[in-house]
Amino acid sequence: MDTGSGPGLQYLLCLAWVAATLPIAAAALPIPRAAGGRFIHGLLCAFSSRGKTVRPSSSSSSKRFTVPQKFFFHFYVVGVVVTTSLLLAIWFYAYMKMTPLIPEPSSYYSTIASHLVGGSNSFSLTNFWLSRPMKHKYHVWRTVFVLILMEIQVLRRLYETEHVFHYSPSARMHIIGYLTGIFYYVAAPLSLASSCLPETIQYLRYQIAEFIVKGRAKMPDLAIVPSHLLKPLLKLGWCQWIGAIIFIWGSLHQIHCHAILGSLREHKDSDEYVIPCGDWFSRVSCPHYLAELVIYFWHVDS
């Protein structure tokens with residue numbers, strides 16, 4: 001079974017992340033003004049501007065490259081769709097093939113299905129899954145674990161964007177910033193799943209091919225035991241659970257900070273700005289962003 005596309009996918013994602021962060025790194029460097037340092041910094045500020053940081057202008061051309069700030073909602077819709085799809089696929093694969101289940105013997109139908117998905121022989125796919133070391137199985141279940149946390153994050157942010165924040169009608173953001181947000185919520189869950197996504201896709205292709213060959217009547221009944229979906233997660237290492245605790249701690253603070261920010265504008269159509277206070281606002285300028293950093297620290301631990 002060929003899973004050589006795994007390193008290829010990870011390589012492409014690495015290139016995408018490097019390309020996305022290079023402008024930020026370039027703007028942070030002390031580039032002389034004569035070499036275009038001021039221009040690069042100003043361009044990055046313009047692209048990342050949103051809300052009150054967007055310079056007001058009566059020119060219609062200046063609004064041509066901006067979108068309403070309430071389009072933040074789109075980020076989390078995309079994040080939920082991508083993360084949910086990856087989570088369900090990899091969780092199903094982990095449940096079916098990354099647990100100590102007794103495999104079914106190969107059959108004539110499995111032989112045909114293997115050839116349909118490009119298998120070199122009738123046992124190539126079965127041998128691949130049976131030969132996976134226990135370390136790899138734990139890795140797949142760790143991927144499920146971090147995708148669950150990512151799912152919680154994007155679902156919560158989707159809810160907050162719709163019900164907690166009240167964006168001003170005049171608040172806008174640059175189209176480059178908007179596209180960057182869309183990129184992030186596609187690339188982030190893909191990066192979390194990239195190490196085992198190719199083999200998951202191959203397994204799903206194999207199952208679809210087998211269904212086409214056998215037909216519904218000859219396919220075994222799929223019996224999913226809910227407790228078996230969770231038991232492998234409980235056997236993960238202490239690093240994953242420390243990461244989950246950090247994730248929960250950061251999430252609770254971000255929820256509180258967002259509630260404070262959302263309560264500042266009592267009238268949704270008002271542009272009045274009030275200085276927030278409470279929670280981490282008494283210690284740092286942007287505690288909701290600090291909480292975001294804490295939340296994503298779980299990926300480093302996990």
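The table for this structure:
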quantity: Residue check, Thr200 closer than 30 Å to Pro23 by Cα and not small (Gly, Ala, Ser); calculated: no
quantity: Residue satisfying all of: in the stretch 135-175; in a strand (DSSP E or B) and not hydrophobic (A, V, I, L, M, F, W, C); most open to solvent (accessible area, probe 1.4 Å) among these; calculated: Arg172
quantity: Residue that is modelled with pLDDT of 75 or more and in contact with a helix residue (DSSP H, G or I) (Cβ under 9 Å, 6 or more places away or on another chain), where the choices are Arg64, Arg156, Arg55, Arg50; calculated: Arg156
quantity: Yes/no for Pro189 being outside any helix (DSSP H, G or I) and within 29 Å of Ala259 (Cα to Cα); calculated: no
quantity: Restricting the stretch 193-232 to residues that are over 21 Å from the mean Cα position of the chain (by Cα) and β-branched (Val, Ile, Thr), the residue that is surrounded by the most Cβ atoms within 10 Å (Cβ to Cβ); calculated: Val213
quantity: Residue within the stretch 167-175 that is among the aliphatic types (A, V, I, L, M) and modelled with pLDDT of 85 or more present; calculated: yes
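The values are calculated or read from the model by the stated rules, or taken from the named source; none is laboratory data. Bear in mind the structure is a predicted one, so any value in this text is a computation, not a measurement. A quick note on method: Cβ atoms are made from the backbone with ideal geometry, for glycine too, and the neighbour counts reach across all protein chains shown. These accessible areas exclude ligands, DNA and RNA; they are computed on the full protein's heavy atoms, side chains included. Shrake-Rupley method; radii C 1.70, N 1.55, O 1.52, S 1.80 Å.
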